[in-house]
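Report on one structure; see the data block that follows.
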Amino acid sequence: MSTESRDARPIQPAALHILLALGRGERHGYALIGDVDALSDGSIKLGPGTLYGTIKRLLADGLIEEAEERPDPDLDDQRRRYYRLTASGAAAATAELDRLASLVRRGRAAFTPAPNQA
Amino acid sequence: MDLYGHLLRLYPKSFRNEYGDEMRRVHQDLRVHRGVRGTRLLTSTAGDVVRSAPKLRLEEGMAHHPGRTRAVVTILVAIALIGLIVLGPVLGVPALLVMLVYMRRHAADLGPAGRSPSTWIGLPIFGIALVVIGAIGAAINTGDDWHPLAMLPLAVGFTTLVVTLVLIAIHELAVRVFHRLPLVAGGTRASAAALAGGAMGIVFIAMGEDRGWGLFITIFLTLITLATLSVYALMVRFMRPSGAAAV
């Protein structure tokens with residue numbers, strides 16, 4: 001799937017949170033679950049199936065890639081697979097954040113009464 | 001093998017081969033490091049599998065066998081519709097609601113399911129097979145009252161044939177009067193109509209003196225089908241997502 005076609009559509013919350021977590025650096029699956037939990041204030045709790053299903057789609061879309069080298073083999077289990085953000089992934093996450101920011105602005109404008117109505 | 005290892009079998013084989021070990025490791029981490037245990041572990045694991053496995057199976061099917069997958073999904077939809085008609089609101093309405101929510105969630109993956117010729121031919125064949133099974137059951141039934149195992153296939157098969165004919169008629173109307181694009185070739189539509197219509201005719205002849213009841217049931221089922229389709233069309237119109245996300 002091309003980045004162009006992917007940009008036109010919103011990214012689902014779980015996928016966006018994974019991209020945001022990977023924006024901080026390479027992560028393995030279990031670390032991603034913890035980061036997504038923290039980033040979403042506990043509202044998104046990923047299980048292994050949802051996590052790796054989303055990872056599979058993000059890999060297929062070229063938004064993330066598997067890291068060949070471990071960040072610090074002494075500190076972690078070398079058998080784990082680590083993932084990192086690609087340039088396309090960073091661009092897609094930024095575009096989605098811009099879209100959400102625009103939505104929030106419009107939403108606030110819609111629900112904030114005009115000065116002469118207050 | 002642990003229980004989670006067995007649950008992994010619900011995922012497509014290629015996905016299991018690629019991520020199964022990692023998933024098992026993460027599941028173990030959740031149990032050991034986060035202290036997720038007992039009922040909470042059971043419900044969260046079950047919820048995760050229910051949310052992810054069918055979607056991945058559907059994606060896998062659409063990637064490798066799109067025609068067959070669409071046909072299976074369409075047959076499941078047809079069974080849900082028939083369930084609505086035969087089993088009534090107790091089981092049919094929840095089945096229809098589940099189907100609509102599922103279709104809405106996977107709208108981007110499913111595409112126009114009605115374009116598979118195998119579905120058009122498969123539906124009347126499914127109806128005929130059930131009618132034949134019911135007829136065999138009725139033939140070997142020695143008592144005065146019909147056994148449910150003979151009655152049920154006959155009822156569901158007859159309903160399938162009626163629903164198939166109504167759907168074909170609606171589609172023909174849309175193509176010929178309202179100039180909509182046909183979903184499948186004319187030959188496929190004609191074959192499906194001939195299969196369903198021919199089988200209906202044989203059922204009517206076999207009914208003998210009960211033909212009046214057959215006609216009444218046919219009209220009744222047709223009206224229910226039309227009502228269901230109208231409700232379905234309205235729900236799809238109002239539930240259509242504004243944009244489908246791939247991930």
Under-5 Å amide H pairs with A:Y82, H placed in peptide plane, nonlocal only: A:A67
Calculated from backbone phi, Karplus (6.51, -1.76, 1.60) coupling profile of region A:97-112 in Hz, x at Gly/Pro: 5, 4, 4, 5, 4, 5, 4, 4, 4, 5, x, 5, 5, 5, 9, 9
Neighbour-count ranking [beta-carbon atoms within 10 angstrom, fewest first] of B:V72, B:V175: B:V175, B:V72
Gyration tensor verdict on region B:23-78 (Cα atoms; rounded if a/c is under 1.5, prolate if a/b is larger than b/c, oblate otherwise): oblate
Shielding by other protein chains, B:16-28, mean Cβ within 10 Å: 5
For peptides B:191-201, A:46-56, sequence by mean Cβ density within 10 Å, most packed first: A:46-56, B:191-201
Region B:19-53-region B:117-137 distance, computed between alpha-carbon centres (Å): 42 Å
Averaged over B:4-14, number of beta-carbon atoms from partner chains that fall within 10 Å: 1
Inter-label distance for A:R108 and B:S191, nm, one decimal - labels placed 7 Å from Cα along Cα-to-Cβ: 6.1 nm
Peptide B:45-56 - average C-beta neighbours from other chains (10 Å radius): 4
Ascending count of other beta-carbon atoms within 10 Å, so fewest first, for B:F204, B:F158, A:F111, B:F216: A:F111, B:F216, B:F204, B:F158
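Quick note: the coordinates plus some simple rules give every number you see, no bench work behind them. Keep in mind the model is a prediction, meaning the values are calculated, not measured. Cβ: placed from backbone, ideal geometry, glycine included. Neighbour counts: every protein chain shown.
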